[in-house]
Each structure stands twice: as structure tokens, then as C-alpha cells.
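This report concerns only the one structure given below.
The values are calculated or read from the model by the stated rules, or taken from the named source; none is laboratory data. Values in this document were obtained by computation on a predicted structure and should not be read as measured data. In this analysis, Cβ positions are derived from the backbone assuming ideal geometry, glycine residues included, and neighbour counts consider all displayed protein chains. The area values use the complete protein model at the heavy-atom level, side chains included, leaving out ligands, DNA and RNA. Shrake-Rupley method; radii C 1.70, N 1.55, O 1.52, S 1.80 Å.
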Amino acid sequence: PHSLIYTSGTTGQPKGAVLTHGNFYWSAVASAANLGVRPDDRWLACLPLYHVGGLSIALRSAIYGTTAVIHERFDEARVARALREERISLLSVVANMLQRLYALDDAPYGPALRAVLPLNTALGVIHVEKDTCLDCSTLRG
């Protein structure tokens, strides 16, 4: 086993999920197939590293030799600043984080941002065109 990650218990009691090296490797392969991998990718990890989404960002970046920009916690103002100023190309967040980020302001994000992965939502991957910025108004509810 590689990791023991505890679930949130949304369908019952929290329990430990044993994840193997293969789980993380094949998750990285699937991510690359869906999003591609670019040498200048910078994936912002604002999910905690004890969350499978946060840990996956760090391991995926290690597997592909790309950069993981790791924040110690989610702070919408800091994440928005990073998206605008730090050439972040990929972002993974849970629905609540996405809502807080969009509620912050309407300013566009940097042109490096190419995809946002809203975890545990029905939105799916949000692809951002190369020379445009994410239009938050289309995702506000």
C-alpha cells in the first residue's frame, strides 16, 4: 500500500481507503489522457495533502516532472492571486471552494489557466481556451 486515506463518511461512518502506487499511477495516466501534460504545467494544490485530491496533485506532478504549487490551506484571495500572477495552468477544488472563489470578484484569471477540475460535482472538467480567461459567470448558480 501507498496511502491510507480516510473518507468523509458521507454515506456512513468514515473508513480508511487503502490506495496503492498503482492507484496513483493510473490516476495520473488518466489525467494525462484527459488533460494532456505540458512541460510548463503548474498545478495549484489548495486541497489538503491528506485529501486524495491534494495528494494526487503532488504525486501526479512528481510522476510527470511538472510543478505542483502547494498552498497550506484554501484561501480564496490567495488562490485568486495565484491564478492571476503565478502562471497556474491547472486547479482542483471541491464545489464549496469553487463557489467561494467565484464569489470573491469578477476579475479574469491569467491566460495560463487551461482547466479547472471541480471535484465531487456534476460540472466535470472546465476547459479554458488557450488565449482566454475563465468566465466565472457561466458557472455561478
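Restricting attention to the range 1-15 and to residues that are among the hydroxyl-bearing types (Ser, Thr, Tyr) and under 16 Å from Leu49 (Cα atoms), the residue that is surrounded by the fewest Cβ atoms within 10 Å (Cβ to Cβ) turns out to be Ser8. For Asn34, the stated conditions hold: it is more than 21 Å from Leu101 (Cβ to Cβ), at pLDDT below 90 and not hydrophobic (A, V, I, L, M, F, W, C).
Condition check for Thr67 on (1) under 24 Å from Asp106 (Cβ atoms); (2) open to solvent by 40 Å² or more (accessible area, probe 1.4 Å): one failure, at (1). Remark: pairs (first residue in the range 82-96, more than 9 Å from Leu113 (Cα to Cα) and among the β-branched types (Val, Ile, Thr); second residue open to solvent by 40 Å² or more (accessible area, probe 1.4 Å) and part of a strand (DSSP E or B); Cβ separation under 8 Å; 6+ apart in sequence or on different chains) = Val93/Leu119; Val94/Leu119.
Residues in the range 37-51 that are over 11 Å from the mean Cα position of the chain (by Cα) and buried (at least 19 other Cβ atoms within 10 Å of the Cβ): 1 in all. Within the range 36-58, the set of residues being among the hydrophobic types (A, V, I, L, M, F, W, C) and over 17 Å from Ile88 (Cα atoms) comprises Leu49, Val52, Leu55. Quick one: would you say Val37 is out of contact with any His (no Cβ under 8 Å at 6 or more places or on another chain), touching a residue at least 12 places away in the same chain (Cβ under 8 Å) and part of a strand (DSSP E or B)? The answer is no for Val37.
Scanning the range 70-81 for residues that are over 13 Å from the mean Cα position of the chain (by Cα) and crowded, with 16+ Cβ neighbours inside 10 Å gives Glu76, Ala80. Can you tell me which residue in the range 57-106 is modelled with the lowest pLDDT, limited to those that are in a strand (DSSP E or B) and of a type in the set (S, T, N, Q)? Filtering first and then ranking leaves Ser92. One residue is enough: does the range 16-30 have a residue meeting the conditions in contact (Cβ under 8 Å) with a residue 24 or more places away in the chain, open to solvent by 50 Å² or more (accessible area, probe 1.4 Å) and touching a Leu at 6+ places or on another chain (Cβ under 9 Å)? The answer is yes; a qualifying residue exists.
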